[in-house]
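The values are calculated or read from the model by the stated rules, or taken from the named source; none is laboratory data. All of these numbers come straight from a predicted model, not from anything done at the bench. As a convention, Cβ positions derive from the backbone with ideal geometry for all residues, glycine included, and neighbour counts pool all protein chains shown. What goes into the accessible areas is simple: the full protein's heavy atoms, side chains included, and nothing from ligands, DNA or RNA. Shrake-Rupley method; radii C 1.70, N 1.55, O 1.52, S 1.80 Å.
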Amino acid sequence: LMDYSKKISKQVAGIPRSGIRDFFELVQGRDDVISLGVGEPDFATPWHIREAAIYSLEKGFTSYTSNLGLLSLRKAISRYVDDFFKVNYSADSEILVTVGVSEAIDLALRALINPGEEVVFHTPCYVSYLPSIALAYGVPVEVPTKKEDNFALRADMLEAAITPQTRVLMLNFPTNPTGAVMPVDELEKIAQLCVKNDLIVLSDEIYCELCYGEDEHVSIATMPGMRERTILLHGFSKAFAMTGFRLGYACAPAPLIEAMMKIHQYAMLCAPMTSQAAALEALENGEAAMLEMRESYHQRRDFVVGRLNDIGIECHSPGGAFYVFPDIRKFGISSQEFAMRLLEAEDVAAVPGDAFGQAGEGFLRCCYATSLDELKTAMDRIERFVATL
């Protein structure tokens, strides 16, 4: 028999499977499970956006686009980013449309990293960050964040992790899985560190429209000296409920976009035109639906945080995204065991915190992008489960 272990690259063989997907394969086939797991809006994509996709097909818009993406979409992105983030990017040379933000992360890391160079990122974090760094032959360096800081990244912790080999800092605020947002004064200190140490920043801001505090979202790209060293990553999956359209974009100085585009043109060529037509409609006419969805998430967040704390599971109120990250350490069992026993006993699926890095051990990620009725039932079941511990 063929020994395939000798045929697969060591780089790929050494990468773990996603802890989220592994856990949710266990859920498949179980009846009556309430899933607080996969980070996906429960809303269908707003009708007018779906209609734009349908209309583009009916008109026969089924060809390749420019490698960078439709110029009309890039112009709309430029206007949106200027308006929302207060940073201006040229539609001609500083914006690249990608197949989701995941592709943009992969392109950026491969365009920036030489083998053995270090990439610093904060944990708990989205499951793809560490594998993406490893696949680009970089060295991942984790900086843990703490519940006491509401899971914001502290500049002093970051500074301690920077070495002469550090090339890139990856940021994701609001954060998956904690919902953390960055205090502006701390973000300013981090920006100064990046300038001082000549780092490029990959700033994944996919959840930035979904902020619930009084302060508006602030991108690190707006801070002194940072536009020239930031790759701003954004997309349509979360705020516009367009996960299946697989569309994201990167905004950065032209030389960085050109380097990313070189990989993109050989790997993907371009993002699907149908998705680009839908994204154009989302940017031009999607704000009202987005605000409506955000208000619904806000209500759900307040409900879930309140119920978990009432039950006796300590849970901070996250400033953004659609996740809570309750602390289950007082029960004296691992995140994996808690999640498995909760699933077995009460048919509620949540993700063990250690799926997002060792800093997540002792916590649980619960996504509240599901209906209020289901959330109420899930909280009742969790309360019943906790009473048995």
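Using Cα-Cα distances under 8 Å and only pairs 6 or more residues apart, what relative contact order does the stretch 189-252 have, in percent?
Over the stretch 189-252, the number comes to 33 percent.
Based on the Cβ-Cβ distance of Asp31 and Lys75, what FRET efficiency does E = 1/(1 + (r/R0)^6) give at R0 = 41 Å, to the nearest 0.05?
For R0 = 41 Å, the calculated efficiency reads 0.25.
Sort all Cα-Cα distances of the chain into consecutive 10 angstrom bins from zero, then give the percent of pairs in each bin up to the one containing the longest distance.
Calculated P(r), rounded to whole percents: 5, 23, 32, 26, 12, 2, 0.
Give me D for the stretch 87-202 in µm² s⁻¹, whole number, from Stokes-Einstein with Rh from the Kirkwood sum over alpha-carbon pairs, 37 °C and 0.692 mPa s.
Details: Rh = 14.8 Å.
Diffusion coefficient, whole number: 221 µm²/s.
Which of rounded, prolate, oblate describes the stretch 1-61, given a ≥ b ≥ c as roots of the alpha-carbon gyration tensor eigenvalues and a/c under 1.5 marking rounded, otherwise prolate only if a/b is larger than b/c?
oblate
Rounded to two decimals, what is the ratio between the C-alpha radius of gyration of the stretch 333-381 and 2.2 N^0.38 Å?
Dividing the Cα Rg of the stretch 333-381 by 2.2 N^0.38 Å gives 1.16.
Quick check on packing: order 211-217, 122-128, 1-7 by the mean number of other C-beta atoms within 10 Å, highest mean leading.
Order by mean packing, descending: 122-128, 211-217, 1-7.
State whether the stretch 207-309 is rounded, prolate or oblate according to the following rule on the C-alpha gyration tensor (a ≥ b ≥ c being the square roots of its eigenvalues): a/c under 1.5 gives rounded; otherwise a/b larger than b/c gives prolate, and the remaining case gives oblate.
Oblate, because a/c is 1.5 or more while a/b does not exceed b/c.
From Cα pairs below 8 angstrom and at least 6 apart in sequence, can you work out the relative contact order of the chain, rounded to a whole percent?
24 percent
Which value, in Å² and to the nearest 10, is the accessible area of Lys238 when all protein chains are kept and the probe is 1.4 Å?
That residue has around 30 Å² of solvent-accessible surface.
Would you mind calculating the relative contact order of the stretch 249-389 from Cα pairs under 8 angstrom and at least 6 residues apart, reporting the percent as a whole number?
Computed value for the stretch 249-389: 19 percent relative contact order.
With a 10 Å radius around each residue's Cβ, average the other Cβ atoms per peptide and rank 165-172, 136-143, highest first.
Values: 165-172: 21.9, 136-143: 18.8.
Highest to lowest by the protection proxy: 165-172, 136-143.
Accessible area per residue of the chain at 1.4 Å probe, in Å²?
Per-residue accessible area for the chain comes out at 43 Å².
For the stretch 251-290, state the average projected area of the convex hull of the C-alpha atoms over all orientations, rounded to one decimal in nm². Before the final figure, lay out each step's value.
Numbers: hull surface 15.0 nm².
Over every viewing direction, the Cα hull of the stretch 251-290 projects on average to 3.8 nm².
Please give the solvent-accessible surface of Met182 in Å², to the nearest 10, using a probe radius of 1.4 Å with every protein chain present.
About 30 Å², rounded to the nearest 10.
To the nearest 20 Debye, how big is the dipole of the stretch 189-293 about its Cα centre, given +1 on the beta carbon of each Lys and Arg and -1 on that of each Asp and Glu?
The dipole of the stretch 189-293 has a size of about 540 debye.
Is the stretch 1-105 best put as rounded, prolate or oblate by its Cα gyration tensor, with a ≥ b ≥ c the root eigenvalues, rounded for a/c under 1.5, and otherwise prolate when a/b is larger than b/c, oblate when not?
Since a/c reaches 1.5 and a/b is larger than b/c, the shape of the stretch 1-105 is classed as prolate.
Bin by bin, in steps of 5 Å, what percent of the Cα pairs in the stretch 263-371 do you find, going until the bin that has the longest distance?
Taking all Cα pairs of the stretch 263-371, the binned fractions are 2, 11, 15, 17, 14, 10, 10, 10, 8, 3, 0 percent.
What residue among Gln11, Gln276, Gln299 has the largest mean-square fluctuation in a Gaussian network model of the chain, using Cα springs under 10 Å?
Maximum among the listed residues: Gln11.
May I have the pair-distance distribution P(r) for the stretch 176-258, computed from all Cα-Cα distances with 10 Å bins from 0 and rounded to whole percent?
16, 45, 33, 6
Report, to the nearest whole %, how much of the accessible area of the stretch 28-116 belongs to carbon and sulfur atoms, 1.4 Å probe, protein only. Please report the intermediate quantities before stating the final value.
Working: 2210 of 4400 Å².
Percent of accessible area from carbon and sulfur atoms in the stretch 28-116: 50.
Compare Ala104, Ala180, Ala288 in a GNM of the chain, Cα atoms joined below 10 Å, and give the one with the largest fluctuation.
So, out of Ala104, Ala180, Ala288, the one fluctuating most is Ala288.
What does DSSP give for the chain in terms of the percent of beta bridges that are antiparallel, rounded to the nearest 5?
In the chain, DSSP labels about 40 percent of beta bridges as antiparallel.
Grab the DSSP H runs of the chain that are 4 residues or longer, score each as -39,500 (n - 2.57), total them, divide by all residues and round the 222 nm result to the nearest 500 deg cm²/dmol.
-12500 deg cm²/dmol, from helical runs alone.
Within the chain, what is the number of lysine pairs with alpha carbons under 19 Å apart, leaving out pairs fewer than eight places apart on the same chain?
4
Which helices count as membrane-span-like in the chain under these terms: full DSSP H, at least 15 Å along the axis by C-alpha, Kyte-Doolittle mean of -1.0 or more?
Correct list, ordered by number: 47-58, 71-84, 100-112, 184-196, 254-267, 273-285, 287-311, 335-346, 372-386.
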